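**Student:** Quick one: structure below, then a few questions.
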Amino acid sequence: RQYRNDPRTFQEKLQQTRQAKIEELVERELILHEFKTAGYHLPESVIDDAIQDRIKERFGNRATLAKTLQAQGISFETFRKQIRDDYIVRAMIQTKVSADKIIISPQKVETYYNANRDKYQVPDQVKLRMIVLNKRGEDDASPKRVAQEILNKIKEGASFAEMASIYSDAQRSQGGDRGWIERDTLKKELADVAFSLKQGEHSSVVDLPEACYILFAEEVRSAHTRPLAEVREEIEEILKNEERARLQKQWIDRLKAKSFVRYF
């Protein structure tokens, strides 16, 4: 769908996808071959347990599994082999590319952080509550009048959240809470108002064609870069995943080097 008007790019992407899937199949067969030739053994009871887990997760019961397999034209023996092969591939990868062996040094984390600071830029944000009174066409003046009455109550000390829970046509059960939002979350007219508010301030009635709004800024955050301490675990996970991918490719390359792969 994305490239339907660009036949050349479509064919390029199609070929890339085919090649990627072929390589996945090759890697899978290499891993299964390594399991077999290396003399590993997998008890059938383990596969029985894996099948039971799959039935619980996807089918609910064995009868539904049987109907699904019949509809797909797949025998239970073929299904069992798929489960067995999937289990072997996962177990072999976990054995050969163990996460426990991967250690990410603080220096690598800091280097990644300094090279990718743009990823951790946070724009201006407002923790917003909003009262929304929709206009339903019969009397556009009524929502504005009600909004002004609500605003007067808020000015007199009424809780914004309580007023929202009573009157708002949106997020009523949450007291109008919209959570932390960025400027592009709202339409421009509302964003301009929301991001002009100081912490603890509410707006006047914002009268737009579709509704009347009252906005309240519970908290305000200026644009900033998330500190390293806050994103350290995220970066460690990224680097671990990259290292896992590198080690897995290295292992697969070794399997390819001692195998003959013929492409048809």
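**Student:** Which one of the conditions (1) farther than 23 Å from Lys249 by Cα; (2) in a helix (DSSP H, G or I); (3) open to solvent by 60 Å² or more (accessible area, probe 1.4 Å) does Phe79 fail to meet, given that it meets all the rest?
**Tutor:** Condition not satisfied by Phe79: (3).
**Student:** Somewhere in region 100-110, is a residue part of a loop (DSSP other than H, G, I, E, B) and in contact (Cβ under 8 Å) with a residue 12 or more places away in the chain? Spell out how you get there, then give the answer.
**Tutor:** Our first condition is that a residue be part of a loop (DSSP other than H, G, I, E, B); within region 100-110, this holds for 102-105.
Adding the requirement that they be in contact (Cβ under 8 Å) with a residue 12 or more places away in the chain leaves 102, 104.
Yes, some residue in region 100-110 is part of a loop (DSSP other than H, G, I, E, B) and in contact (Cβ under 8 Å) with a residue 12 or more places away in the chain.
**Student:** Hey, among the residues in region 138-163 that are assigned to a loop (DSSP other than H, G, I, E, B) and farther than 20 Å from Val126 by Cβ, which one's least open to solvent (accessible area, probe 1.4 Å)? Can you show your working first?
**Tutor:** Here is the first cut: in region 138-163, the ones assigned to a loop (DSSP other than H, G, I, E, B) are 138-140, 156-159.
Now restrict to residues that are farther than 20 Å from Val126 by Cβ: 138-140, 156-158.
On the way: Glu138: 144, Asp139: 66, Asp140: 81, Glu156: 155, Gly157: 64, Ala158: 34 Å².
Taking the candidates together, the pick is Ala158.
**Student:** Can you pull out the residues in region 183-221 that are polar (S, T, N, Q) and at pLDDT below 95?
**Tutor:** Here is the first cut: in region 183-221, the ones polar (S, T, N, Q) are 185, 196, 199, 203-204.
Matches in region 183-221: Thr185 only.
**Student:** Among the residues in region 164-171, are any touching a Leu at 6+ places or on another chain (Cβ under 8 Å), open to solvent by 40 Å² or more (accessible area, probe 1.4 Å) and either in a helix (DSSP H, G or I) or on the phi > 0 side of the Ramachandran plot (or both)?
**Tutor:** Scanning region 164-171, I find at least one residue that is touching a Leu at 6+ places or on another chain (Cβ under 8 Å), open to solvent by 40 Å² or more (accessible area, probe 1.4 Å) and either in a helix (DSSP H, G or I) or on the phi > 0 side of the Ramachandran plot (or both), so the answer is yes.
**Student:** Shifting gears a bit: Would it be correct to say that Glu236 is closer than 27 Å to Lys108 by Cβ and free of Cβ contacts under 8 Å to residues at least 12 places away in the same chain?
**Tutor:** On the way: closer than 27 Å to Lys108 by Cβ: yes; free of Cβ contacts under 8 Å to residues at least 12 places away in the same chain: no.
Taking the combined requirement at face value, the residue does not satisfy it.
**Student:** Cβ contacts < 7 Å: first residue modelled with pLDDT of 95 or more, restricted to region 152-171; second residue of a type in the set (Phe, Trp, Tyr), any location; separation 6+ or different chain. Result?
**Tutor:** Listed by first residue and then by second, the contacts come to Ile154/Phe160; Phe160/Phe216.
**Student:** Just to verify a result, which residue in region 222-260, among those that are more than 29 Å from the chain's Cα centre (by Cα) and loosely packed, with under 12 Cβ neighbours inside 10 Å, is nearest to Glu27 (Cα to Cα)?
**Tutor:** Asp253
**Student:** Residue by residue through region 177-221, note down the ones that are outside any helix (DSSP H, G or I), open to solvent by 70 Å² or more (accessible area, probe 1.4 Å), free of Cβ contacts under 8 Å to residues at least 60 places away in the same chain and acidic (Asp, Glu).
**Tutor:** Correct list: Glu201 only.
**Student:** Name the single residue that is farthest from Phe260 (Cα to Cα) among those in region 7-38 being open to solvent by less than 60 Å² (accessible area, probe 1.4 Å) and free of Cβ contacts under 8 Å to residues at least 24 places away in the same chain.
**Tutor:** Looking at residues that are open to solvent by less than 60 Å² (accessible area, probe 1.4 Å) and free of Cβ contacts under 8 Å to residues at least 24 places away in the same chain, I get Thr9.
**Student:** Can you find, within region 111-131, the residue that is farthest from Arg172 (Cα to Cα) among those that are open to solvent by 80 Å² or more (accessible area, probe 1.4 Å) and either touching a residue at least 12 places away in the same chain (Cβ under 8 Å) or outside any helix (DSSP H, G or I) (or both)?
**Tutor:** Applying the filter and picking the extreme gives Arg117.
The values are calculated or read from the model by the stated rules, or taken from the named source; none is laboratory data. Everything numeric here is computed off the predicted structure, so don't read it as measured data. Counting neighbours? That spans all protein chains shown, and the Cβs are built from the backbone with ideal geometry, glycine included. SASA here: full protein model, heavy atoms, side chains in, ligands and nucleic acids out. Shrake-Rupley method; radii C 1.70, N 1.55, O 1.52, S 1.80 Å.
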